[in-house]
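The values are calculated or read from the model by the stated rules, or taken from the named source; none is laboratory data. Everything numeric here is computed off the predicted structure, so don't read it as measured data. Cβ atoms come from the backbone with ideal geometry, glycine included; neighbour counts cover every protein chain shown. Ligands, DNA and RNA are excluded from the accessible area calculation, which covers all protein heavy atoms including side chains. Shrake-Rupley method; radii C 1.70, N 1.55, O 1.52, S 1.80 Å.
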Amino acid sequence: MTEPTFPGGSKSRVTLAGERIRQDTATADDLRVIEAWRAAHRGVLNTFQAILRNRTRGTKVSVAQRHKRRTTIYDKLTRLPGMQLARMDDVAGCRLIFRSIKDLKAFRLKFHKARFNHKLRNEPDKYDYIKRPKETGYRGIHDVYEYDVNSEAGKALAGLYIEIQYRTLVQHAWATAVEVIGFITKSQPKFQRGDTRYERAMALASELLARAHEQQTASFPNASDREILDEFLLLDAELHLMQTLRGLNRAKSDVTDKRNSILIFSKVGELEVRSFRDATDALSALFQLEKQMPDRDIVLVRADTSEDVRLAFRNYFTDAREFVRLVDVACTKLSGK
């Protein structure tokens, strides 16, 4: 029996295609290789989301999955010149959102002891951004698994990676607001691009949230509550950040309870949602839409209910209301009022 071929031909072929994207010399065959490799991650996603949903059944943990957009893959190759495409570990991703850090850590510790062949690729502390927050203010924990199963159907996917993101509701509200700011301004605090005041303001906001709601610190552990609050309020007065976020309306776009949703976000802020019951149909539609609408931000997500989609991907619904509420409470708490 012939051994299954690595998606896209081989790891070296996928990496070569990625390098040509970086150099802007990609051929039609390079694009085909990348699309075949990217599409193969759908099987990995389906396996892990089934495992995670089974383990979170009956809890208040929200689970959603997402398939990295082609444009985002290309952007990451440009931002990280040393990145080999075949080793990009977040093309497939599952996100779990917990009520507390305690719940998050307990679930993750138990999941690390799961009895399956999939390999945890990182040391437990490597991507622990709760213990060591990023300088942007990002908090959460990531794990990377390498897919490995014994079934004939799964062998062709062996060696592909998937990223598991663990966040609390507070951390997720902050990360959502960062994405929303990227949509509505010319700045990208997530990638440290654009007006650095937005980046600074959001790092300070993360500190406010960590202290007020989770009894932790973030990127400024040595600053006093008053110093953090005063600088945040000063920047907010310059940027009108909170006022802008308060003025956003949650998108009324229809999200049905079909489990596969394609979210299409236009440059002018309009959101269109297309839903599919069958994952294969959804993936096929995604690739067609990306060809037809190269200027749109398009993402395929999967979640059990419409509310799970809205919670896990609030940024696509321009919904920063929970962030605003949490910051308001934090400001009150840290001001001593």
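Observations on the model:
- Fully extending the segment from residue 149 to residue 116, taken as 0.36 nm per residue of separation minus the present Cα-Cα distance, adds 11.1 nm.
- Relative protection proxy for 211-217, 81-87, from highest mean packing down: 211-217, 81-87 (other beta-carbon atoms within 10 angstrom).
- Most simply put, the stretch 76-209 has about 60% antiparallel DSSP beta bridges, counting only bridges with both residues inside it.
- Between amide H atoms placed 1.01 Å from N, distances below 5 Å from residue 160 occur with 147, all of them 5 or more places distant or on a separate chain.
- Coupling constants for the stretch 6-15 follow from the phi torsions by the Karplus curve (6.51 cos²θ - 1.76 cosθ + 1.60, θ = phi - 60°), and in residue order they are 4, x, x, x, 6, 4, 5, 5, 5, 4 Hz; glycine and proline get x.
- With each label modelled as a point 7 angstrom along the Cα→C-beta vector, the residue 225-residue 79 pair spans 3.4 nm.
- Looking at the stretch 2-160, the accessible area is 49 square angstrom per residue; that uses a 1.4 Å probe and ignores ligands, DNA and RNA.
- Rounded FRET efficiency, nearest 0.05, which uses the C-beta distance separating residue 335 from residue 32 and R0 of 56 Å: 0.45
- Most positive-pole-ward Cα, 140, 83, 98, against dipole of the stretch 10-167 from beta carbon charges: 98
- Exceeding the 29 Å Cα-Cα cut-off - candidates 113/333; 11/110; 76/134; 102/126; 76/333: 113/333; 11/110; 76/333
- Förster-model FRET efficiency, 35 Å R0, residue 57 and residue 134, C-beta, rounded to 0.05: 0.65
- Total charge dipole magnitude, the stretch 10-167, about the Cα centre, Cβ charges on Lys, Arg, Asp, Glu only, Debye to nearest 20: 800
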